[in-house]
Amino acid sequence: MTFAIPPPSAEAQLTFLSKLQRLFAEGDFTATYKYALLISLADLAVELGADDGSDLLLSTRQIGDRFIQLYWRQAVPYGAGHSGASPGILVQNNGTQAAVVSAVAAFRVRIQVSSPQVARALPEFQALLATVAQTVSAQPLTYMQNFGGATDEFLFDRPGAGQVRLKPGVAYCLRRFQPLVQQLARSHWVGHLKGNRRNHVILGAADDLEEFLFATPRQSLAILVDGLKRLEGAKCFYCEHGLNTVDVDHFIPFAQYPRDLAHNFVLAHPGCNRSKSDSLAAKPHLERWLERTRRLADDIAEIGASAGMVVAAAVSQQIARWGYASAIHSGGRAWLAAGRYDLVDGSYQDCFSNSGV
Ligand SMILES: [Zn+2]
């Protein structure tokens, strides 16, 4: 492989990781915005970045849109039905409620729509997006790179109004270490909410905070399962035998890319799902998934939209391409069937080029 701009050296990648560690250790996290910003930048790098060392130009509106998605389900009361808890919207700031949460909550009360995907088509959404983008610009983008008593612009600079440029090598590192960045940001986010005294009465003894913050609601998954059954029949995507009890499986494992995208879901036997676990799927499955995603792109998008999920087939394909490229890099193994695995080698790339991804 030749690169127009070479990827960062191993040394530079280690420097990136240690700066990220310092940012978490020494940064000032008065609100949860910086966690949301890291997650947003890592997701955008996976979806829009390249596997070389080039910089990546983003807009504050693109990042603002990610913030709305992240805070959408957090802008409703948590704690309903938990013993010892009194329901309320979690406080995401050490002072008054975080402005993004208030803006999203007010929008959801005023405009009763089920998901940010549906909301995006409405004219009112533009005003919300402008407000959120402004807050993102004035707060986390301004303060993120201040830590340890100094400013270290190792992640991005801001070349013009409304622009954010990931520096050369940063998109590469965010793509390569995406699961690690996500895990760090999420666990610190959960810790921040638990550490805020004003959330204690809302949290009570509940222990599903991470699920509430980041997982797709069960009723959305139920809508998706019904739709996929009608579309593809009640059979397991992996072994292709009929199903009675259905699991919905993340084709690219949730552990690797923890965001719910409609085209990334397939139906599977609970046994096949458990056996595959957090592995990538082997080549025959990948080829079938690419073919199916292309052929049924619009139908799956329609089902996903009714379940309130992100529905761009191209995004799912890019994430799959990235997931397998990471595995090629690191000598990963892919699951074929119970107890059978295959080394992910360069030939997996051909599946993508053959299907035009
Ligand atoms: Zn099966």
Quick one: what Rg and Dmax do you get for region 27-156 from the alpha carbons, in Å?
-> 16.1, 51
Give the Kirkwood hydrodynamic radius (Å, one decimal) of region 47-121, defined as one over the mean of 1/r across all pairs of different Cα atoms.
-> 14.7
For Y341, list long-range residues whose amide hydrogen, built 1.01 Å from N in the peptide plane, is under 5 Å from its own amide hydrogen.
-> L336
Carbon-plus-sulfur fraction of the accessible area of region 239-326, 1.4 Å probe, in percent?
-> 49
Surface per residue (accessible, 1.4 Å probe) for region 207-357, Å² = 44
In whole Hz, what ³J(HN,Hα) sequence does region 156-167 give by Karplus (6.51, -1.76, 1.60; θ = phi - 60°), x for Gly and Pro?
-> 8, 10, 10, x, x, 4, x, 10, 9, 10, 5, 5
About the Cα centre, charge dipole magnitude for region 172-270 (Lys/Arg +1, Asp/Glu -1 at Cβ), debye | 440
Checking Q139, Q92, Q256 against a Gaussian network model of the chain (alpha-carbon springs below 10 Å), the top fluctuating residue turns out to be Q139
Principal axis dimensions, largest first and in whole angstrom, of region 113-216 by Cα = 45, 41, 28
Cubic angstrom per residue, convex hull over Cα atoms of the chain | 150
E232 accessible area, 1.4 Å probe, all protein chains in place, Å² to nearest 10 = 50
For Y78, residues with placed amide H under 5 Å, excluding near neighbours = G88, I89, L90
Whenever you get a sec, line up T151, T32 from highest to lowest accessible area (probe 1.4 Å, protein heavy atoms).
-> T151, T32
Only Lys, Arg (+1) and Asp, Glu (-1) charged, at Cβ; region 34-136 dipole about Cα centre in debye = 540
Compute the whole-percent fraction of alpha carbon pairs in region 244-357 spaced more than 18 Å apart.
-> 48
At each listed q (0.14, 0.16, 0.32 Å⁻¹), what is the log10 of I(q)/I(0) that the Debye formula gives for region 129-179 modelled as equal alpha-carbon point scatterers?
-> -0.43, -0.56, -1.14
For the chain, the charge dipole (Cβ of Lys, Arg +1; Cβ of Asp, Glu -1; about the Cα centre) points to a positive end, and the Cα of G64, S18, P159 closest to that extreme belongs to G64
Probe 1.4 Å, all protein chains in place: accessible area of I5 in Å², nearest 10?
-> 70
Of the peptides 239-247, 210-218, how do they stack up when ordered by the mean number of other Cβ atoms within 10 Å, highest first?
-> 210-218, 239-247
Dipole of the chain, Cα-centred, from +1 at each Lys and Arg C-beta and -1 at each Asp and Glu C-beta, to the nearest 20 debye?
-> 500
One finds the C-alpha centres of region 1-45 and region 298-357 to be spaced, in Å, by 24
Check the straight Cα-Cα distances from K194 and name the lysines below 23 Å, setting aside those fewer than 8 residues away within the same chain.
-> K34
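The values are calculated or read from the model by the stated rules, or taken from the named source; none is laboratory data. Nothing here was measured: the structure is a model prediction, and the numbers come from that model. A quick note on method: Cβ atoms are made from the backbone with ideal geometry, for glycine too, and the neighbour counts reach across all protein chains shown. What goes into the accessible areas is simple: the full protein's heavy atoms, side chains included, and nothing from ligands, DNA or RNA. Shrake-Rupley method; radii C 1.70, N 1.55, O 1.52, S 1.80 Å.
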